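Notes for the one structure printed next.
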Amino acid sequence: MTTQLHDSIRAAAPGLRGRLLANQPLADLTWFRVGGPAEVLFTPADEEDLARLLAVLDPAVPVTVIGLGSNLIVRDGGVPGVVVRLGGRAFGGIDIDGDRLRVGTAVPDMRLAKAAAEAGLDGLAFFRGIPGSVGGALRMNAGAHGGETTDVLVEARGVDRRGNLRSFTHAEMGFTYRHSTAPEDVIFTSALFRGRPGERTAIEAEMDRVTAAREAAQPIRERTGGSTFKNPPGAKAWQLVDQAGCRGLALGGAQVSEMHCNFLINRDNASAADIEALGEEVRRRVRETSGVELHWEIKRIGIDAPIGKA
Ligand SMILES: Cc1cc2nc3c(=O)[nH]c(=O)nc-3n(C[C@H](O)[C@H](O)[C@H](O)COP(=O)(O)OP(=O)(O)OC[C@H]3O[C@@H](n4cnc5c(N)ncnc54)[C@H](O)[C@@H]3O)c2cc1C
């Protein structure tokens, strides 16, 4: 990719205070460690900086936001347009007032769980096991161990593609299983959560249980993207994958985890194309054996590499 987009943004918005870089590798910003570069990677200094970029950017230029890359396959040809990644002090704060927590969306879910426990606020311990950021949790309605983002969110705030500040009540977030109907173009910048008064030691014990359960059941030290497919109504995706004989199935450097067969892993220098093709092969086999259509929970972004370049 050329530096043309980067140069045109610099010319249109000379006052941007964040980091704007052309052709930036993204693989190391994701758990799978695969994929090509961002045409432009922008790390805004704060919400106003983000809004300014979005306001001046040609509406035809695609914008993609990434969090901690724990639910993401970046395709091998990279991501055209601007990739936004929030970080730093402006998006990394946690302010607690009574039972409410105002949190920047770059905050890792695990840190949110810990802060809530330290403040004696219950209901957020499930975040302890989710390796994403609060921004990703809002978009995905992340959840585990009987809790979901929807249970504790009061409201969220963000910036839309035209640079307008927007806020969303809980109802406007339209949460369903691993999904929010909030407009796709919104980049969330902060969230307000509410906990229940609780006993710090009991909450910490609950978090320890969450951690132990994950260590035992999930390949959390692998290059993976967590659950690959959503659970279809009334069924478990991992069981369908298992019944289709896909446990351990390999394609190129990618493999269906032996430990938890709804997880794909980058076992040996896989390309994004290997991982995605393996996921599609699993979907095909599940469709053939059980008639069920699995839907990707993992988000796939960007474009395939030109033939022969993956
Ligand atoms: C080992 C492992 C275990 C996991 N276990 C669970 C689990 O138990 N439960 C669960 O729900 N998930 C689980 N996941 C998946 C993942 O952690 C969650 O989906 C998480 O919410 C993704 O957050 P992220 O910051 O990594 O987002 P990314 O993976 O970077 O992005 C995911 C989506 O969120 C969007 N997004 C990210 N930030 C923002 C923002 N600021 N504004 C708007 N959209 C944004 C992206 O555009 C993308 O569509 C697991 C993943 C791994 C690797």
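Details
- Qualifying residue in segment 279-300 (condition: within 27 Å of ASN141 (Cα to Cα), in a strand (DSSP E or B), touching a strand residue (DSSP E or B) at 6+ places or on another chain (Cβ under 6 Å) and among the β-branched types (Val, Ile, Thr)): no
- Any hit, segment 180-197, residues being assigned by TED's automatic domain parsing to the domain that holds ALA137, surrounded by fewer than 21 Cβ atoms within 10 Å (Cβ to Cβ) and over 23 Å from the mean Cα position of the chain (by Cα): yes
- Contact map, segment 27-51: residues that are open to solvent by 10 Å² or more (accessible area, probe 1.4 Å) paired with residues that are hydroxyl-bearing (Ser, Thr, Tyr), Cβ distance under 7 Å, separation 6+ or inter-chain. Pairs shown: TRP31/SER70; TRP31/THR224; GLU47/THR189.
- Scanning segment 169-218 for residues that are outside any helix (DSSP H, G or I), farther than 24 Å from PRO232 by Cα and touching a helix residue (DSSP H, G or I) at 6+ places or on another chain (Cβ under 8 Å) turns up HIS170, ILE187, PHE188, THR189, SER190, ALA191, PHE193, ARG194, GLY195.
- Matching residues in segment 143-157 - criterion: being in contact (Cβ under 8 Å) with a residue 40 or more places away in the chain and either assigned by TED's automatic domain parsing to the domain that holds THR224 or within 8 Å of the ligand (Cβ to nearest atom) (or both): ALA144, HIS145
- For LEU20, the requirement of being buried (at least 16 other Cβ atoms within 10 Å of the Cβ) and out of contact with any Lys or Arg (no Cβ under 9 Å at 6 or more places or on another chain) is not met.
- Helices (runs of 4 or more DSSP H) contained in segment 38-142 and holding at least 3 residues modelled with pLDDT of 95 or more and either closer than 22 Å to ARG17 by Cβ or touching a Ser or Thr at 6+ places or on another chain (Cβ under 6 Å) (or both): 47-56, 134-140
- Segment 105-120, residues that are open to solvent by less than 10 Å² (accessible area, probe 1.4 Å) and either under 16 Å from the mean Cα position of the chain (by Cα) or away from the ligand (no atom under 16 Å from the Cβ) (or both): THR105, VAL107, ASP109, LEU112, ALA116, ALA117
- Within segment 42-80, tally of residues that are out of contact with any Gly (no Cβ under 6 Å at 6 or more places or on another chain) and away from the ligand (no atom under 13 Å from the Cβ): 10
The values are calculated or read from the model by the stated rules, or taken from the named source; none is laboratory data. Here the structure is a predicted model, which is why all the values come from computation and not from measurement. Glycine gets a Cβ as well: all are built from the backbone with ideal geometry, and neighbour counts include every protein chain shown. Accessible surface is based on the protein model in full, side chains and every heavy atom, while ligands, DNA and RNA are left aside. Shrake-Rupley method; radii C 1.70, N 1.55, O 1.52, S 1.80 Å.
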